[in-house]
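Below is one structure, written out as structure tokens; the observations come after it.
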Amino acid sequence: MTRFATIAALCAAVSLFVGLSSASAERIERSGNVFHVRLCSAPAMPQVARCHAHVVTDGFGNHLERAAVHNLVPAGYGASTLQAAYGINPAGGSSATIIAIVDAYGYTNAESDLATYRSTMGLSSCTSANGCFAKYNQAGVKGNYPRQDTGWAQETALDLDMASAMCPNCKIILVEANSPTYGNLATAENTAAALHAHVISNSYGGGESGSQNYESAYNHAGVAITVSTGDSGYGVAFPATSPHVIAVGGTSLFLGGGGRTETTWSGAGSGCSALYAKPSWQTDPLCTKRMEADVSAVADPQTGVAVYAPSSRFGSAWQVYGGTSVAAPLIGGIYGNNGGAVNYGQNPYGATSALHDITSGSNGSCGGTYFCTAGPGYDGPTGLGTPNGNSAF
């Protein structure tokens, strides 16, 4: 699956768009020549998470959408391009490996939208009928789902699509929390673990204050729990600061000339936790507590990914997404593709030769330290680097 060189090519085809949503209430941001807005509103109170997904828009914040019936996939990277970029064999993984996606609120058309993505991308069918897909509420019941919130449903579509792209053979379950409170998300997290997930992907976060009461929900031995580090630049977020998860930062991924070039995405979160102890496998010198990130993957909306997702409460369309919400399920899918033993976030620290070190870019101001500035070896925004195959996971 190819992508146009710039967003200009996407805009040139505007006559083929389904239409433009009303202007977003979110602040319009810009990466290179690409405009984008956040999909989830900022929480109005503490201990509530927001999702870390961004959607590409025009300069006025209108979402750019394409109808599936025209089979016009937008300019974002598709499954085969992502597999090739990160050296992932799509034949890896198996139906014995379960990837759980935990998000807030409901998503009525999750299964049918996922089917559109997978069929368009040439991936095998993943449905409830063939046992590949299942949806649960936070109590582990197939039914009595929470109400749909369009922004969080779009986030969920992104998560399902990226996990599918990296591990087409894995079984996928979706666990829907009643709301994005830390308590409800923790309940959904524990449910995902109880349903025997090998991987649990989480693309959301919030402040650390008061999070200690919920951290145990992200402590499940033998389970790869991936968490996005954020989309507001330098600064920490929970649950990415839990010492029991794999904190996933973000890059800008440029492809061409037979290779890839990656730099730090300026929006990716990073930093030193104020609360949580440093895991034994982290040895960076300046942070005495938990440091994020551990690893990273594409997140910049300028080099975003193609997703089939709700465009409103009543329909779905192809769109281009970014944010560390791309990176967390992508890395989760690679853990599923590997399918091996997991020791919290330690695995990549013992396999740095199987990672691509990101050495340039910054996500903020930190006095030039590795907390926010990429360089050789470990750094906060991109961790140990991005995947070269699945052996580090």
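Of the strands (runs of 3 or more DSSP E) lying entirely inside the range 200-304, those carrying at least 1 residues that are farther than 23 Å from residue 374 by Cβ and out of contact with any Gly (no Cβ under 7 Å at 6 or more places or on another chain) are 224-228, 271-277. Among the residues making up the range 146-172, a single one is in contact (Cβ under 8 Å) with a residue 60 or more places away in the chain, in contact with a strand residue (DSSP E or B) (Cβ under 8 Å, 6 or more places away or on another chain), under 17 Å from residue 100 (Cβ atoms) and surrounded by fewer than 24 Cβ atoms within 10 Å (Cβ to Cβ): 171. Checking 295, 248, 236 one by one, the residue that is touching a Pro at 6+ places or on another chain (Cβ under 7 Å), buried (at least 18 other Cβ atoms within 10 Å of the Cβ) and not hydroxyl-bearing (Ser, Thr, Tyr) is 295 and no other. Kindly indicate whether residue 340 is out of contact with any Pro (no Cβ under 6 Å at 6 or more places or on another chain), buried (at least 24 other Cβ atoms within 10 Å of the Cβ) and over 21 Å from residue 379 (Cβ atoms). No; evaluated as a whole, the condition is false for this residue.
Selection of the range 178-191 for residues being part of a helix (DSSP H, G or I) and touching a Ser or Thr at 6+ places or on another chain (Cβ under 9 Å) yields 182, 185, 186, 190. When you scan the range 314-358, how many residues do you find that are among the small types (Gly, Ala, Ser), over 19 Å from the mean Cα position of the chain (by Cα) and in a helix (DSSP H, G or I)? Here the count works out to 3.
Has the range 123-134 got any residue that is surrounded by fewer than 19 Cβ atoms within 10 Å (Cβ to Cβ), among the β-branched types (Val, Ile, Thr) and within 26 Å of residue 183 (Cβ to Cβ)? No, the range 123-134 has no match at all.
Since every read-out is calculated from the coordinates, none of them should be taken as a lab result. Please read all numbers here as calculations on a predicted model, not as lab measurements. Cβ atoms come from the backbone with ideal geometry, glycine included; neighbour counts cover every protein chain shown.
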